[in-house]
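These notes concern the structure reproduced below.
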């Protein structure tokens, strides 16, 4: 199974006067974020198989990031800010799904998922805005492994 974790691109700052974060889902990409999303989407479109499933957080910034790819996707509330790695892995059916899955989401959920799948000592792995991690599950000699296929950052493309 291939699991591609794409962090949303740079977004507007947290709205002043919104201490509870009630408007967090409305934050849009900045002009720089739009460029990051487009750059990563251009690369990803050449790499991602046609049959890949795409699931996206309901946050506006995530949907805008996914729109840059120009493919069909589904909004999933399970990926909203505050989601857990367990929720993400259950949603994508890791490692049993047959088709590649692209998840457009948030920190720290993506970093926690990466850390868990790679068995890192830290419970979280930093993921830059607009960057993606492509992971693959495989069996070797009867043991399940997670392999890093690539890590890409929009600044490096």
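The values are calculated or read from the model by the stated rules, or taken from the named source; none is laboratory data. Source: prediction; values computed, not measured. Here the Cβ positions follow ideal geometry from the backbone for every residue, glycine too, while neighbour counts run over all protein chains shown.
Computed values, structure above
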| quantity | calculated |
| --- | --- |
| Unmet requirement for residue 9, which otherwise passes all of (1) at pLDDT below 95; (2) farther than 24 Å from residue 147 by Cβ; (3) not in a helix (DSSP H, G or I) | (1) |
| Some residue of region 27-38 being without any contact (Cβ under 8 Å) to a residue 60 or more places away in the chain, assigned to a loop (DSSP other than H, G, I, E, B) and out of contact with any helix residue (DSSP H, G or I) (no Cβ under 7 Å at 6 or more places or on another chain) | yes |
| Matching residues in region 146-157 - criterion: being surrounded by 15 or more Cβ atoms within 10 Å (Cβ to Cβ), under 22 Å from residue 97 (Cβ atoms) and under 14 Å from the mean Cα position of the chain (by Cα) | 151, 152 |
| All positions within region 129-145 that are farther than 30 Å from residue 28 by Cα and touching a residue at least 40 places away in the same chain (Cβ under 8 Å) | 136, 137, 144 |
| Sole exception among (1) touching a strand residue (DSSP E or B) at 6+ places or on another chain (Cβ under 6 Å); (2) more than 12 Å from residue 8 (Cα to Cα) for residue 132, by number | (2) |
| Residue within region 50-57 that is crowded, with 16+ Cβ neighbours inside 10 Å, within 15 Å of the chain's Cα centre (by Cα), in contact (Cβ under 8 Å) with a residue 60 or more places away in the chain and on the phi < 0 side of the Ramachandran plot present | no |
| Close pairs from region 99-127: first without any contact (Cβ under 8 Å) to a residue 60 or more places away in the chain and on the phi > 0 side of the Ramachandran plot, partner surrounded by fewer than 21 Cβ atoms within 10 Å (Cβ to Cβ) and not in a helix (DSSP H, G or I), Cβ under 9 Å, at least 6 apart | 119/146 |
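Results for (1) loosely packed, with under 15 Cβ neighbours inside 10 Å; (2) over 15 Å from the mean Cα position of the chain (by Cα); (3) more than 20 Å from residue 10 (Cβ to Cβ), shown as yes or no for each residue.
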| position | (1), (2), (3) |
| --- | --- |
| 62 | no, no, no |
| 65 | no, no, no |
| 76 | no, no, yes |
| 111 | no, no, no |
| 125 | no, no, no |
| 137 | no, yes, yes |
| 144 | yes, yes, yes |
